[in-house]
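Undergrad: My structure is below; once you've seen it, I'll send some questions.
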Amino acid sequence: MPEQAPKVRKLSGHIGAEISGLDLARLDDREFKRLHDLFLEHQVLVLRDQTLTRDQHIALGKRFGELHVHPMAKGPEGYPEIFPIEAGANSTNDPKAIRAGKKAVNGGHWHSDVSCDPEPPLGSILYLREVPEFGGDTLFSSGYAAYEALSPAMQNFLEELTAVHSGEATYRLHYGDQRAQDRSRFGIKSETPYPEALHPVVRCHPETGRKSLFVNRGFTREIVELGHAESQALLEFLYRHQETPEFQVRVQWTANTVTLWDNRCTQHRAVFDYAGQVRRGERVTVKGDRPEPVLRHESLPWALAGA
């Protein structure tokens, strides 16, 4: 009998799908291509009841591309590509409590992973083995949907802008002042305090060609072409716009669930509403490329006519 195609259940109008019928530890080439196609189509994929060893988790990530090593977080011994996700009784999302010594929860604010890198990650694969009895969901927002909902005038304005993304505020809070640490093995010069990069406010996805907003609360610091007050006001508008519920999907975790997301066109937030409970797993992240700005001249009539 021919093998059955995986079942796909959309989770919201713009983003997210739950996939069943695939074993992520044993994907053949045809199954991986189907997974990759669904990944590009839905931006966030949820697969439940998976069993992955660390080596299998890493192998799955490498099928998407070379793996990223986080510039601040240390992986388990022998597995630098693994980013540990762990929250327990001593965890908090309160900055004051973090500065006082409590452990910060991972991803407790809206962000796009490591967008402060010159080449931000392509995407991530998170495998949660242990989840709280209630709470601990992850919200994802579609940069495609957020961009497409803007007026043409605003789209055109934003396509001309660039923004500085900096890791300093987030990393200093979560990991302390590590400026003296030798981070050359992460590709960061030791004399550079924290990663920082300049990216277009609207990026063009390298595989789908779709346009997406590419600013986030976690790492975007300012828009270069605007004055400070203008920059902060516009960024706050864009943050709130991207947080519109209609652009989102809410992933409810169960033990041994794997979620993949496209970091080039989404941002996410882990909801910390499970204080005192345990939420534990591991993530691998795939290296990406430098975000490309929108080439507006290609859409003009004279360009299409070959003038």
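Undergrad: Inside the range 38-53, can you point out the residues that are of a type outside the set (D, E), out of contact with any Leu (no Cβ under 9 Å at 6 or more places or on another chain) and farther than 24 Å from Q277 by Cβ? Walk me through how you get there before you give the answer.
TA: From the range 38-53, those of a type outside the set (D, E) are 38-40, 42-48, 50-53; that's our starting set.
Applying the additional criterion that residues be out of contact with any Leu (no Cβ under 9 Å at 6 or more places or on another chain) yields 40, 43, 48, 53.
Listed by number, the residues that qualify are L40, Q43, T53.
Undergrad: Output the residues belonging to the range 7-33 that are in contact with a helix residue (DSSP H, G or I) (Cβ under 8 Å, 6 or more places away or on another chain), surrounded by 15 or more Cβ atoms within 10 Å (Cβ to Cβ), without any contact (Cβ under 8 Å) to a residue 60 or more places away in the chain and not in a helix (DSSP H, G or I).
TA: Across the range 7-33, the qualifying residues are V8, A17, I19, L22, L27.
Undergrad: Go through (1) farther than 24 Å from A145 by Cβ; (2) among the acidic types (D, E); (3) surrounded by 15 or more Cβ atoms within 10 Å (Cβ to Cβ); (4) modelled with pLDDT of 95 or more one by one and return the number of the condition D49 breaks.
TA: The failed condition is (3).
Undergrad: Is it the case that Y127 is assigned to a helix (DSSP H, G or I) and either more than 22 Å from V202 (Cβ to Cβ) or aromatic (F, W, Y) (or both)? I'd like the intermediate steps shown before the answer.
TA: On the way: assigned to a helix (DSSP H, G or I): no; either more than 22 Å from V202 (Cβ to Cβ) or aromatic (F, W, Y) (or both): yes.
When the stated conditions are applied, Y127 does not pass them.
Undergrad: While we're on this one: I'd like the full set of residues that are aliphatic (A, V, I, L, M), within 20 Å of the chain's Cα centre (by Cα) and more than 17 Å from F140 (Cβ to Cβ), limited to the range 25-66. Give the steps one after another, and end with the answer.
TA: The first filter runs over the range 25-66 and keeps only residues aliphatic (A, V, I, L, M), leaving 25, 27, 35, 38, 40, 44-47, 52, 58-60.
This time we only want the ones that are within 20 Å of the chain's Cα centre (by Cα), so: 35, 38, 40, 44-47, 58-60.
Correct list: L35, I58, A59, L60.
Undergrad: Then there is this: In this structure, is V46 in contact (Cβ under 8 Å) with a residue 12 or more places away in the chain, farther than 30 Å from E196 by Cβ and among the β-branched types (V, I, T)? Steps first, please.
TA: Working: in contact (Cβ under 8 Å) with a residue 12 or more places away in the chain: yes; farther than 30 Å from E196 by Cβ: yes; among the β-branched types (V, I, T): yes.
Taking the combined requirement at face value, the residue satisfies it.
Undergrad: To continue, here is another question. Can you tell me which residue is modelled with the highest pLDDT among those in the range 184-235 that are hydroxyl-bearing (S, T, Y) and assigned to a loop (DSSP other than H, G, I, E, B)?
TA: Taking the range 184-235 first, the residues hydroxyl-bearing (S, T, Y) are 184, 190, 192, 194, 208, 212, 220, 231.
Those left that are additionally assigned to a loop (DSSP other than H, G, I, E, B): 190, 192, 194, 208.
Numbers: S190: 50, T192: 53, Y194: 70, T208: 97.
Here the residue is T208.
The values are calculated or read from the model by the stated rules, or taken from the named source; none is laboratory data. Bear in mind that the values here come from a model prediction, so they are computed numbers and not experimental data. As a convention, Cβ positions derive from the backbone with ideal geometry for all residues, glycine included, and neighbour counts pool all protein chains shown.
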